[in-house]
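Notes for the one structure printed next.
The values are calculated or read from the model by the stated rules, or taken from the named source; none is laboratory data. Keep in mind that this is a model prediction, so the values were computed, not measured. Glycine also receives a Cβ, built like all others from the backbone with ideal geometry; neighbour counts cover every protein chain displayed.
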Amino acid sequence: MATVILVRHGRTTANASGLLAGRTPGVLLDETGRAQAAATGARLAAVPLARLVTSPLERCLETAAAIRAQQPTAPFTDAHLEPALDLVDDDLTECGYGAWQNRKLADLAKEELWASVQTQPSAVTFPDGESMATMQSRAVAAVRRHDAEVEREFGPGAVWVAVSHGDIIKSILADALGMHLDLFQRLAVGPASTSIISYGKARPSVPIINSDAGDLAWLVPAQTSPDGASHSGDATVGGGAGRAS
């Protein structure tokens, strides 16, 4: 099974000022966000990526560029394997918040719809915008499609990255965890954080959520795990030995 690392973009000027940027053009990483993206790129530098896919919005493009800049120049020994590190997928773009876009979060919290966004997002359609159920459906379909292509081309154990947005990543994680969309607000996904999913034949496994520190070299593809198991997707009975340090 392949492994996807979901990366949220770094902090933006809109994040810092409490605005819901949505799909507003021209929203860029601030100084903190650029440092966060570079740090995430450094964490991923030891992991040869088979694919790097990003939302088309500028803040994600900037974050993806910081990751790409620190990738090894010759990560794969097989000459026929050419990693794709410049892919943009519209299905990974931000939720269509419609009339909520570019408004202060403090003001939106006073709207009647806010309570539903918090407790029953599956029933929410933003005014002049997208439903949260549609958001999840297209994002999950995109990630699973890319994951299947990566595994087919590069084999089990291949690692790839999808750079996207907070609500998008939370909805993908909820699907992988078998959680109803109405529970996805229980998840946290910070700026430039990494969350990891491996889609196995039986079911997905989610070893990390919302991580912003630590070495990720243990993700380098290997033939076996510390338990001696292959990439079958089966859970290790009893919990296993964990990853090598």
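Filter the stretch 116-132 for residues that are in contact (Cβ under 8 Å) with a residue 12 or more places away in the chain, under 12 Å from GLY98 (Cβ atoms) and not acidic (Asp, Glu); which is surrounded by the most Cβ atoms within 10 Å (Cβ to Cβ)?
Looking at the filtered set, the residue picked out is MET132.
Can you give me the ranges of the helices (runs of 4 or more DSSP H) entirely in the stretch 1-90 with at least 1 residues that are among the polar types (S, T, N, Q) and under 15 Å from VAL161 (Cα atoms)? Steps first, please.
Numbers: elements: 13-17, 31-44, 58-68.
So the answer is 31-44, 58-68.
Can you name the residue in the stretch 183-224 that is charged (D, E, K, R) and outside any helix (DSSP H, G or I) and, of all such residues, is nearest to GLU62 (Cα to Cα)?
Applying the filter and picking the extreme gives ASP212.
Output the residue which, of all residues in the stretch 1-22 that are at pLDDT 95 or above and under 25 Å from ALA84 (Cα atoms), is surrounded by the most Cβ atoms within 10 Å (Cβ to Cβ).
HIS9
Among the numbered criteria (1) in contact (Cβ under 8 Å) with a residue 40 or more places away in the chain; (2) surrounded by fewer than 23 Cβ atoms within 10 Å (Cβ to Cβ); (3) under 30 Å from PHE126 (Cα atoms), which single criterion is violated by LEU28?
So LEU28 meets the others, but not (1).
Might you let me know whether the stretch 105-115 holds any residue that is among the acidic types (Asp, Glu), part of a loop (DSSP other than H, G, I, E, B) and within 17 Å of the chain's Cα centre (by Cα)?
Scanning the stretch 105-115 turns up no residue that is among the acidic types (Asp, Glu), part of a loop (DSSP other than H, G, I, E, B) and within 17 Å of the chain's Cα centre (by Cα).
Being surrounded by 15 or more Cβ atoms within 10 Å (Cβ to Cβ) and of a type in the set (Gly, Ala, Ser) is the filter here, so list the residues in the stretch 83-113 that pass it.
Residues satisfying the conditions are ALA84, GLY96.
In the stretch 40-55, is there at least one residue being at pLDDT 95 or above, surrounded by 22 or more Cβ atoms within 10 Å (Cβ to Cβ) and at positive phi?
Checking the stretch 40-55: not a single residue is at pLDDT 95 or above, surrounded by 22 or more Cβ atoms within 10 Å (Cβ to Cβ) and at positive phi.
One line per residue, one yes/no per condition, for (1) in contact with a Lys or Arg (Cβ under 8 Å, 6 or more places away or on another chain); (2) among the hydroxyl-bearing types (Ser, Thr, Tyr); (3) more than 24 Å from ALA174 (Cα to Cα):
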{"site": "PRO83", "(1), (2), (3)": "yes, no, yes"}
{"site": "LEU92", "(1), (2), (3)": "no, no, no"}
{"site": "GLN101", "(1), (2), (3)": "yes, no, no"}
{"site": "LEU113", "(1), (2), (3)": "no, no, no"}
{"site": "VAL143", "(1), (2), (3)": "no, no, no"}
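So, in the stretch 142-193, exactly how many residues are of a type in the set (Ser, Thr, Tyr) and surrounded by 24 or more Cβ atoms within 10 Å (Cβ to Cβ)? Write out each step before concluding.
Here is the first cut: in the stretch 142-193, the ones of a type in the set (Ser, Thr, Tyr) are 164, 171, 193.
Adding the requirement that they be surrounded by 24 or more Cβ atoms within 10 Å (Cβ to Cβ) leaves 164, 171.
Going through the stretch 142-193 one residue at a time, the tally reaches 2.
Which numbered condition in (1) more than 16 Å from GLY22 (Cα to Cα); (2) at pLDDT 95 or above; (3) not in a helix (DSSP H, G or I) is the only one that VAL140 fails?
Tallying (1) more than 16 Å from GLY22 (Cα to Cα); (2) at pLDDT 95 or above; (3) not in a helix (DSSP H, G or I), VAL140 fails exactly one: (3).
Here is a check on your reading of the model: is ALA37 among the small types (Gly, Ala, Ser) and in contact with a helix residue (DSSP H, G or I) (Cβ under 8 Å, 6 or more places away or on another chain)?
Here the answer is yes, as ALA37 does meet what is asked.
Show the residue pairs meeting these rules: Cβ distance below 6 Å; 6+ apart or different chains; first residue within the stretch 133-145 and touching a residue at least 12 places away in the same chain (Cβ under 8 Å) and within 18 Å of ILE5 (Cα to Cα); second residue among the charged types (D, E, K, R) and not in a helix (DSSP H, G or I).
ALA142/ASP89
For the stretch 13-64, enumerate the residues that are in contact with a Cys (Cβ under 9 Å, 6 or more places away or on another chain) and farther than 24 Å from ARG103 by Cα.
Once the filter is applied, which keeps residues that are in contact with a Cys (Cβ under 9 Å, 6 or more places away or on another chain) and farther than 24 Å from ARG103 by Cα, the stretch 13-64 yields only THR54.
Could you please find all residues in the stretch 56-70 being hydrophobic (A, V, I, L, M, F, W, C) and surrounded by fewer than 21 Cβ atoms within 10 Å (Cβ to Cβ)? Spell out the reasoning first.
Initial filter on the stretch 56-70 (hydrophobic (A, V, I, L, M, F, W, C)): 57, 60-61, 64-67, 69.
Correct list: LEU61, ALA65, ALA69.
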